Structure formats: C-alpha cells, structure tokens
1. Divide the volume of the convex hull of the Cα atoms of the chain by its number of residues and quote the answer in cubic angstrom per residue.
2. Of the candidates 71, 97, 22, which one comes out as most mobile in a Gaussian network treatment of the chain with C-alpha springs shorter than 10 Å?
3. On a 1.4 Å probe surface of the protein chains, which of 116, 133, 27 comes out largest in accessible area, and what is the full order?
4. So for the chain, taking the charge dipole from beta-carbon charges (+1 Lys/Arg, -1 Asp/Glu), which of 83, 112, 124 sits furthest toward the positive end?
5. At what distance in nm do the modelled label points of residue 101 and residue 10 sit from each other, each positioned 7 Å from its Cα along Cα→Cβ?
6. Please report the spacing between the Cα centers of the range 17-50 and the range 62-84 in Å, no decimals.
7. Accessible area per residue of the chain at 1.4 Å probe, in Å²?
8. So if each residue of separation counts as 0.36 nm, and I subtract the Cα-Cα distance between residue 81 and residue 17, what length gain in nm does that give?
Amino acid sequence: MNAIANTTFKNTSWDEQPYTEIDAGRKLTRVRATFAYSGDLEGEGQVEYLLAYSPDGTGSFVGLEYVSGQIGDRAGRFVVQHTGVFDPTSVTTRWEIVPNLGAHALEGLTGGGSLKLEGHGPYPFTFEYALPK
C-alpha cells in the first residue's frame, strides 16, 4: 500500500556542541534534538545530527532519528535518515525511512520525503510511505 502522510512537527529540544573548530568560522558540530509530530504521524523523534559549517553560515548535515509513534492506526518505531543543506534562513532536507528498522506494527515501513524549513515552526511535512498488510 502506498500512502501519503500529512504531519506537522516542532523542535522540542536542541543541544548543539562543536567537536572540531577548523578556522575562520569553519567548524563541525554534533546535535542531539527531539521532535514532536502530530497529524497522520503522531509521536516523538530523537535525532543525532553531524553538521559542517562554512564561514558564511551555510553548511550540510547528516543525521539518524529514532521515531516512536503511530501512523494511522499502526503504532511502533522506525528510523529515519536525514541529509541536507542549510543557510542562515532555511534548511533543505531529505527524510528517508531506513529499510528493515521498523518495529511492532510499523515493521516493513518504507518511504520518505523532502522539505524546506523556514522560520521557527511548527513545520508542515508531507511524505510517502508503504506498509505491508
């Protein structure tokens, strides 16, 4: 079954720490964050990001998020891989469900989506997904 989920998420915690200061504003940081989801996806995600900053405030990131929640009437857990780029005013990211890491009623979940974030949220997000019967 291929389906579309419309959800909204907001950041409920963000702890960013540099782990390598390169020079002239170039740095690498590690982030631990929490997101709250509401809508077709209800639940909470715990994510760990690695960010790379350029001197002008642009950069790129990767991350893995452990989501615990419910899609429709099916509850469980799954993992999402984040990849993206940012500048001082926006974030563009790809959100991809990692195959074979869904658990409970979300076992076998696949899918993903792309989004652009501006402002401080909450952020609307639409993604495609498939679940085995």
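1. Residue-normalised Cα hull volume stands at 89 Å³.
2. 22
3. Putting 116, 133, 27 in descending order of accessible area: 133, 116, 27.
4. Looking along the dipole axis, the top candidate is 112.
5. 2.7 nm
6. When both Cα centres are located, 15 Å separates them.
7. I get 56 Å² per residue for this part.
8. So the extension gain works out to 21.0 nm.
The values are calculated or read from the model by the stated rules, or taken from the named source; none is laboratory data. All of these numbers come straight from a predicted model, not from anything done at the bench. Cβ: placed from backbone, ideal geometry, glycine included. Neighbour counts: every protein chain shown. The area values use the complete protein model at the heavy-atom level, side chains included, leaving out ligands, DNA and RNA. Shrake-Rupley method; radii C 1.70, N 1.55, O 1.52, S 1.80 Å.
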